[in-house]
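What follows is a short report on a single structure.
What follows draws every value from the coordinates through simple rules; no lab data is involved. In this text the structure is predicted, and so the values were computed from the model without any measurement. Neighbour counts run over all protein chains shown; Cβ positions are idealised from the backbone, glycine included.
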Amino acid sequence: MQSLWMLLASMMFAGMGACVKVAADYGASLPHVVLFRGIPSVLLLFVWTRLTHRSLVPNSWKLHIWRNLSGVSSMWLGFFAISHLPLPTAISLNYTAPLFIACWMLGWGGTQRDPVRIATVALGFLGVLAVLRPSIGHEHLLAAGLGLGAGALSAIAMMQIRSLGRLGEPEWRTVFIFSCFVCFTGIIGLLVDGWRDMSLPAWLALTGVGVLGLVGQLAMTRAFGLGSALLTAALQYTTIIFAALLGIIFWGDVPDPIAWAGMGLIIVSGLLSIWRTYTEDRIMRGQTVVQMEATSVDTAIEETRRV
């Protein structure tokens, strides 16, 4: 069931990306897309928290602000990339967050500089170059750069979410506050850019952005809560495969062999980074347990001596 929930989430996120592209093709502005991504989550979670009498007051506003500055910025950049690049290319760039986490570990991780992370960074950047080389022209360099920026900012958001989890912040509250920030920035964008008259297909695509994004978020949360976080994190990369299939079916964007190889390298580098992070977490937790047990034994010996 865990695998099925994550595969459902991947399909929903790939479908959301396709709806973003369709909405842009039919004249929807970027603020429209961002606003409609956040509205369903805000409404559903607000009603649910009121019915279940749960508090929406966070444990740390500071961490939420940093998480949302990076996360919301990543969403804007990612949606811009999807609107201007082939769908599989844009999704691949958005999923480079583990690669940037590995880079951060190499630069500032101290003892966490190891051959696995070096291989992760090398494979990841080779994959990015392979995806970009055949897929974009000079007119798409800005969108490609912003897509990579979305991956980097997503990495920062992931680390902030990890810190929030350690403080005991529930996932639903983090998602609700994030969605409120998304809606707020979307409204500001509409005030600056102005409202546009849109056709029915654009409205349907915007509705798909909100509904598919919400279902994907809920399915992913469910998947991470059921079993192995490592397996769930690995399965999220099927989003790239689903996005490639949608790009082929609806836009005729057939990646050439080099682009397919690049997407494969990005997936492999992401899996290596995720595996390394989780194994280190397990080692650290094991060391903590051993230290606690040793401390308990020492305390017991000391108490025996006193008696």
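Rounded, prolate or oblate, given the Cα gyration tensor of the stretch 173-214, with a/c below 1.5 counting as rounded? Cα axes put the stretch 173-214 in the oblate bin. Once the chain from R166 to I248 is taken as fully extended at 0.36 nm per residue, the excess over their C-alpha distance is 25.4 nm.
Taking a virtual spin label 7 Å from the Cα of L200 along the C-beta vector, which residues in the stretch 21-40 bring their backbone nitrogen under 19 Å of it? Label zone hits: 22-28.
Within a Cβ distance under 15 Å of N94, other residues only, what is the Lys/Arg minus Asp/Glu net charge? So the environment of N94 carries a net charge of +2. Extension gain, L141 to V192, is 15.8 nm, computed as 0.36 nm per intervening residue step minus the present C-alpha separation.
Charged side chains reduced to their Cβ positions (Lys and Arg at +1, Asp and Glu at -1) give the stretch 122-226 a dipole of some 320 debye around its Cα centre.
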